[in-house]
Amino acid sequence: MKQDILNLDNKNVGSIELNESIFGLEVRADILQRVVRWQLARLQSGNHKTKGRTEVALTAAKPFKQKGGGRARQGSRKGPQFRGGGIAFGPVVRDQSHELTKKFRKLGLKTALSAKAKAGNLIIVDEAKLAAPKTKDLQSKLKVCGLANCLFIDGKEVDMNFALASRNIIGVDILPTMGANVYDILRREKLVLTKEAVKCLEERLNG
């Protein structure tokens, strides 16, 4: 499939042939959902914790006599029914992540790229570079290109001037090729790839 190449002034500077096996797959929501769940699960710290009845700092003595008081029998103030007692079935520290095969993760990234291409939200630019790290200059170029909510993916390294200029613009992200992932691609409306990014992604996903 052929795609036009633009520059940051929104002018056509050529065309590129995109690999159908990466940018032309059937878009399956179930694949995207599984990969996004896997990514978000790995981001959870899993360190939320409450104290159980064996951990609270209270005396283990009986609060009152078992008989003669007219109250229900109690063995300890540490029970969850008492104020300050342990929490019953509370959260504990655990790893929230789960396994997902490398082959499936690669398929998920291909599907996300194909989804952007089929929706008409994939843009190829010749390069994502600026002469100076000025946010105002980048904002004017994005306005000309009609980009307000987008993810830029560059080659093996991102241009430092472009990265510095974009970090204060809400809705604009930039990643190197190795940082490309399904969640970040789907959370932005437009996906902008440089020519170098297309080359690196095809090398990464064809292997």
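The values are calculated or read from the model by the stated rules, or taken from the named source; none is laboratory data. Since the structure is predicted, the reported quantities are computational estimates derived from the model, not experimental observations. Methodologically, a virtual Cβ is constructed for each residue, glycine included, from the backbone with ideal geometry; neighbour enumeration extends over all protein chains shown.
Remarks
- Conditions (1) touching a Ser or Thr at 6+ places or on another chain (Cβ under 9 Å); (2) closer than 19 Å to A117 by Cβ; (3) not in a strand (DSSP E or B): number failed by Y183: (1)
- Residue selection: Q39 satisfies the criterion of being closer than 30 Å to C145 by Cβ and among the polar types (S, T, N, Q).
Here is a yes/no grid of residues against (1) farther than 30 Å from L193 by Cα; (2) surrounded by 14 or more Cβ atoms within 10 Å (Cβ to Cβ); (3) at pLDDT 90 or above:
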site: F23; (1), (2), (3): no, yes, yes
site: R28; (1), (2), (3): no, yes, yes
site: W38; (1), (2), (3): no, yes, yes
site: K49; (1), (2), (3): yes, no, yes
site: G52; (1), (2), (3): yes, yes, yes
site: E55; (1), (2), (3): yes, no, yes
site: Q81; (1), (2), (3): yes, no, yes
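- Scanning the stretch 143-156 for residues that are surrounded by fewer than 20 Cβ atoms within 10 Å (Cβ to Cβ) and out of contact with any Gly (no Cβ under 8 Å at 6 or more places or on another chain) returns K143, V144, C145, G146, K156.
- Tally, over the stretch 35-54, of residues that are of a type outside the set (A, V, I, L, M, F, W, C), under 23 Å from R204 (Cβ atoms) and either out of contact with any helix residue (DSSP H, G or I) (no Cβ under 7 Å at 6 or more places or on another chain) or not assigned by TED's automatic domain parsing to the domain that holds V192 (or both): 2
- Number of the exception - H98 against (1) modelled with pLDDT under 95; (2) closer than 23 Å to V27 by Cβ: (2)
- Checking each residue in the stretch 172-184 for being surrounded by 15 or more Cβ atoms within 10 Å (Cβ to Cβ) and either of a type in the set (S, T, N, Q) or touching a Lys or Arg at 6+ places or on another chain (Cβ under 9 Å) (or both) picks out V172, D173, I174, P176, T177, A180, N181, V182.
- Any hit, the stretch 64-78, residues being in contact with a Ser or Thr (Cβ under 7 Å, 6 or more places away or on another chain) and farther than 30 Å from M178 by Cβ: yes
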